[in-house]
Each structure stands twice: as structure tokens, then as C-alpha cells.
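Trainee: Have a look at this one before I ask anything.
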Ligand SMILES: NC(=O)c1ccc[n+]([C@@H]2O[C@H](COP(=O)([O-])OP(=O)(O)OC[C@H]3O[C@@H](n4cnc5c(N)ncnc54)[C@H](OP(=O)(O)O)[C@@H]3O)[C@@H](O)[C@H]2O)c1
């Protein structure tokens, strides 16, 4: 495992509010300052050697910010994975009640692709943003055909991202989909962390065909960082703090390291909202957990249904 297994997720730098546990008080929102802070995070990542950036039109200004920043780098080794299927609707209003709207229609795919393709040639991956059974996206022939056409014409990878207590079923279904006898999906961006380990049950099947696995929400949206609102994780927090002290890093690095060692993904995404957090997350490269420590952390998995029930209760901060 090397330093290049860390990618930067841009959800937290594209919108003033994001689903997290927000333990710090945030300043009054200023769009220009927010953009400058976002660029700073992109630069910090680049200086660290990160060359994989995950974004989406649903992340407010993130995709555009990334596209503009990439133009200044002129570096073909920067790889971008974007998504389609969510529309950002909050217009940077911290008081908005609806932040994003899901739309898995063929019209939305066509519309968002017209914008996202500006990221070529750095664009390597187009993913369905949060593929689920209820939108019928994995059975929508027009969508599947269009994705296959994009894949062929632009030589990029097509992926799914998954969330929810049935993410393993969605992954299984996605793995079966073929267009013109060719598997359509080769990138699988999945929620995985110490609490939600269901991905492990389908790991071999995904990896068998050389597919890429990208880990998201490796910190359970911040719930893995010790905090009094989740007293039921106290035992886990104690173990994480002991390991953090032993390796002289933060709890965040321990939790992300766990993802790398147990899944060996193509990438684990850092969801850092500022450069400090990114520097801290990056320390996952400084140490290795022992087999015994991994086993101990694995024992803290919870039922997927419970995990996603708690996840649903998280607010936009
Ligand atoms: N496809 C999808 O549906 C989907 C869904 C979610 C995420 N993603 C992708 O995955 C990426 C990562 O996901 P995520 O951001 O939800 O996951 P995460 O890593 O579980 O959580 C990130 C949050 O943890 C907190 N954090 C990180 N490092 C910290 C530190 N050192 N100290 C204190 N707090 C720290 C920050 O919260 P604060 O903001 O409160 O400081 C940050 O926003 C996203 O950027 C996005 O690209 C995709």
C-alpha cells in the first residue's frame, strides 16, 4: 500500500453545508472566502501527491472549482471522477431547507454530462450518484445505453456509488449489468468504515474482474471522531484513542488506515473540509495497524440497518 491510495472527495468544499456532525462552530458564510478555502484544500492535496479527485455537480461549486483549478495545473496525471444524478438546489443559502434533489432520468444524465465532459481529458470516471432500486436507474435502458456510449466514445470508466442498508444488493445488481455483452460498471464507490463493514461480504466478487473500489465515508461522516452525542460508541472511541496515542496520529488517521488495510481499495477518499483536516487524514500513511488491532476494530461493526438509521438522522451543518 502506498501514499497514492488516498483521493480527495470534494463534497465538503463545494457547499457551505454538508452532512456531518459539525463539532466546530463555522464562520458566517462568504462565497469568495469559501472558494479560496476550497482551492487551498485542492492545493494541499496536490502538494501531498494526491492525484485522484472525486466530485459531482450535486456538490455545489465543487465540480466547477475543480475544473478551473485543474486548468491552472496543466497536469495530465490528475484524475477526476464525477457523478450524475443529483442537482444542487440550495444556492449557497445556509438556511435552505432542501439542499439537493435526486434525478436519475436520461434527460438529467444528458444535461449533466454536457457540463461534466469539460473535465476531459482529466476526467477518468463517470458514476451514477447514489444508485438505488427505487429510482429504477439500474433498469433504465436509455440510461444504461447512454453510459455505455460515453464509455466507448470517451474511453472513461463508468461507476456506481452506493449508500444505504441495501448497498450490497445494489452492488450485486450493478455487477450483473452488461451492455452489448460487456460489463458496464468498473468503478464501485462504496460507504465503508469501522461501523459499516457490509462491503467486505462482496469484496472478492467486485475485485475479481479488476474493478476499482473507492471507499467513501471512511469516518462515518465524522461519527468516528470521539464525541459526546454518540455515547454508545464510547468503547470504540477509547480503542481509537489508544491507537492514536500509540502511533502518534489522530483518530481520523486510524479509522482511514483501517479502510485501507482491510479492503485494499483503489482509493480511500478523504472528505476533509479544510487543509488541517487533510494533513491529519494524510497521516494514515505514517503507520500500519497490526493484525490484532484490525481484528479488534472489526469487532465494532454494527448492523447495516442500524448504521443507516443513524446516518439518516444526521443534519446538514
Ligand atoms: N456518492 C455519494 O453518494 C457520496 C456520499 C458521501 C460522500 N461521497 C464522497 O466521499 C467523500 C468523503 O465522504 P465524507 O466526507 O462524507 O466522509 P467522511 O470522511 O466520513 O467524513 C468527512 C468529515 O469528517 C470530518 N473530519 C475529517 N477529518 C477530520 C479531522 N482531522 N478532525 C475533525 N473532523 C474531521 C469533517 O467534518 P466537518 O465538516 O464537520 O469538519 C469532514 O467533513 C466526499 O467528499 C465525496 O467525494 C460520496
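Trainee: Compute the length gained on full extension between residue 295 and residue 232: take 0.36 nm times their separation in residues and subtract their Cα-Cα distance, giving the result in nm to one decimal.
Mentor: Going from the current span to full extension adds 20.7 nm.
Trainee: For the stretch 141-236, calculate the relative contact order in percent as a whole number, restricting contacts to Cα pairs under 8 Å that are 6 or more residues apart.
Mentor: So the answer I get is 23 percent.
Trainee: Round to the nearest 0.05 the FRET efficiency obtained for residue 264 and residue 115 when R0 = 51 Å and r is the Cβ-Cβ distance. Kindly include the intermediate steps, with their values, before the conclusion.
Mentor: Working: r = 34 Å, r/R0 = 0.66.
Plugging the Cβ-Cβ distance into 1/(1 + (r/R0)^6) gives 0.90.
Trainee: Here's something else I'd like to know. Pairs of alpha-carbon atoms within less than 8 angstrom and 6+ residues apart define the contacts here; what relative contact order does the stretch 3-312 have, in percent?
Mentor: 18 percent
Trainee: If you don't mind, another one. Do the sum for the chain: with -39,500 (n - 2.57) for every DSSP H run of n ≥ 4, divided by all residues, what is the mean residue ellipticity at 222 nm, to the nearest 500 deg cm²/dmol?
Mentor: Helices in the chain give a 222 nm mean residue ellipticity of -12000 deg cm²/dmol.
Trainee: Note down the relative contact order for the stretch 158-295 as a percent, whole number, built from C-alpha pairs under 8 angstrom at least six residues apart.
Mentor: Relative contact order of the stretch 158-295: 21 percent.
Trainee: Here's something else I'd like to know. Of the beta bridges DSSP finds with both residues in the stretch 80-172, what % are antiparallel, to the nearest 5?
Mentor: 25 percent
Trainee: Now for a separate question. Pull out the extension gain between residue 43 and residue 182, defined as 0.36 nm times the separation in residues minus the alpha carbon to alpha carbon distance; nm, one decimal. Walk me through the numbers on the way to the answer.
Mentor: Numbers: separation 139, 0.36 × 139 = 50.04 nm, distance 3.78 nm.
So the extension gain works out to 46.3 nm.
Trainee: While we're here: In the chain, what percentage of the DSSP-assigned beta bridges are antiparallel, given to the nearest 5? Don't skip to the end; give the middle numbers.
Mentor: Details: 6 of 34 bridges.
Approximately 20 percent, going by the DSSP bridge assignments.
Trainee: Now, a different point. What does the highest-first list of 209-217, 242-250, 189-197 look like by mean Cβ count within 10 Å?
Mentor: 189-197, 209-217, 242-250
Trainee: For the stretch 143-243, what does the alpha-carbon gyration tensor say about shape, rounded, prolate or oblate, given a ≥ b ≥ c as the root eigenvalues, a/c under 1.5 as rounded, and a/b over b/c as prolate?
Mentor: Numbers: a/c = 3.07, a/b = 2.77, b/c = 1.11.
It comes out prolate by the Cα gyration axes.
Every number here is computed from the coordinates shown, using simple stated rules; none is lab data. If you're wondering where the values come from, they're calculated on a predicted model, not measured in any experiment. Cβ sites come from the backbone with ideal geometry, for glycine too, and all protein chains shown count toward neighbours.
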